[in-house]
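J.: I'd like to ask some things about the structure below.
The values are calculated or read from the model by the stated rules, or taken from the named source; none is laboratory data. Please read all numbers here as calculations on a predicted model, not as lab measurements. Backbone-built Cβ (ideal geometry, glycine too); neighbour counts: all protein chains shown. Protein only, heavy atoms only, side chains kept; ligands, DNA and RNA dropped before computing areas. Shrake-Rupley method; radii C 1.70, N 1.55, O 1.52, S 1.80 Å.
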Amino acid sequence: TLFMDGGSCIILVGPMGAGKSTVGRALAELLQYEFVDSDEEIERRTGANVSWIFEIEGENGFRDREQQVIAELVERERVVIATGGGAVMRDANREVLRSKGLVVYLYASLREQVRRTGNSQKRPLLAGKNRKSVLSELMRIRDPLYREVSDLVMPTDNRGAKKLAQHLRAQIPSESPEVSSPK
Ligand code: S3P
């Protein structure tokens, strides 16, 4: 396997607005890996969007679905997985993330998080709230958890997805075209 402990699975964690999906997609393209976003996978399976799931089943119901999806996705090979910002809240998820893949924390400052979530209608935790105070409180709790599970911390402020993906690829152990084995 390519990475020390899991298979060839790269997992992106970090707050809403860190760019997990855009950077993940760009990285997957560079590596010729599959890309999957856990929120999108949940939506695909349920046929409902995240906000609707929060409304009907509550955050805990959403977290159950998220846990199930993450546990399944990390078993894939040659995959880049973008997780939701709250995935690290559950012990079980942190355990799975740490043991099954190479975990990258995409860090964004509070200012950037606020800016990048500006026109987002699809984030139930921010809807109708003061985004800055919610995001700040979430980071207070979650930043240590992102750090706890990650192998790499990558700051994302003032850098585009393509650059970040290239930078990430260069830091991924033994992932170069010469050594990566075919599927
Ligand atoms: C959440 C982040 C969202 C989504 C849900 C809850 C969170 O994902 O999973 O709205 O708790 O931070 P993104 O980080 O992709 O926005």
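J.: Using beta carbons and a limit of 9 Å, which pairs, at least six apart or on different chains, have the first residue in the range 9-23 and in contact (Cβ under 8 Å) with a residue 60 or more places away in the chain and basic (Lys, Arg) and the second one open to solvent by 10 Å² or more (accessible area, probe 1.4 Å) and part of a strand (DSSP E or B)?
T.: From residues that are in contact (Cβ under 8 Å) with a residue 60 or more places away in the chain and basic (Lys, Arg), the pairs are Lys20/Asp37.
J.: Then there's this: Here is a check on your reading of the model: is Leu27 open to solvent by less than 70 Å² (accessible area, probe 1.4 Å), closer than 18 Å to Ala170 by Cα and in contact with a helix residue (DSSP H, G or I) (Cβ under 9 Å, 6 or more places away or on another chain)?
T.: Considered against the rule, which asks whether it is open to solvent by less than 70 Å² (accessible area, probe 1.4 Å), closer than 18 Å to Ala170 by Cα and in contact with a helix residue (DSSP H, G or I) (Cβ under 9 Å, 6 or more places away or on another chain), Leu27 comes out as yes.
J.: If you don't mind, another one. Which members of the range 76-100 meet the condition of being over 30 Å from Asn130 (Cβ atoms) and surrounded by fewer than 24 Cβ atoms within 10 Å (Cβ to Cβ)?
T.: Answer for the range 76-100, where residues must be over 30 Å from Asn130 (Cβ atoms) and surrounded by fewer than 24 Cβ atoms within 10 Å (Cβ to Cβ): Arg76, Glu77, Arg78, Val79, Ala92, Glu95, Val96, Arg98, Ser99, Lys100.
J.: Still on this structure, I have one more. Look at Arg25 and say whether it is among the basic types (Lys, Arg) and over 24 Å from Asp157 (Cβ atoms).
T.: Here the answer is no, as Arg25 does not meet what is asked.
J.: Please find, among Leu73, Leu135, the residue that is over 13 Å from the mean Cα position of the chain (by Cα), open to solvent by less than 10 Å² (accessible area, probe 1.4 Å), closer than 16 Å to Val13 by Cα and within 15 Å of the ligand (Cβ to nearest atom).
T.: Leu135
J.: Please tell me if Arg140 is touching a His at 6+ places or on another chain (Cβ under 9 Å) and open to solvent by 30 Å² or more (accessible area, probe 1.4 Å).
T.: no
Residue-by-condition table, conditions (1) within 14 Å of the ligand (Cβ to nearest atom); (2) of a type in the set (A, V, I, L, M, F, W, C); (3) touching a Cys at 6+ places or on another chain (Cβ under 8 Å):
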position	(1), (2), (3)
Val50	yes, yes, no
Ile81	yes, yes, yes
Gly86	yes, no, no
Val96	no, yes, no
Val103	no, yes, no
Leu106	yes, yes, no
Pro124	yes, no, no
Ala127	yes, yes, no
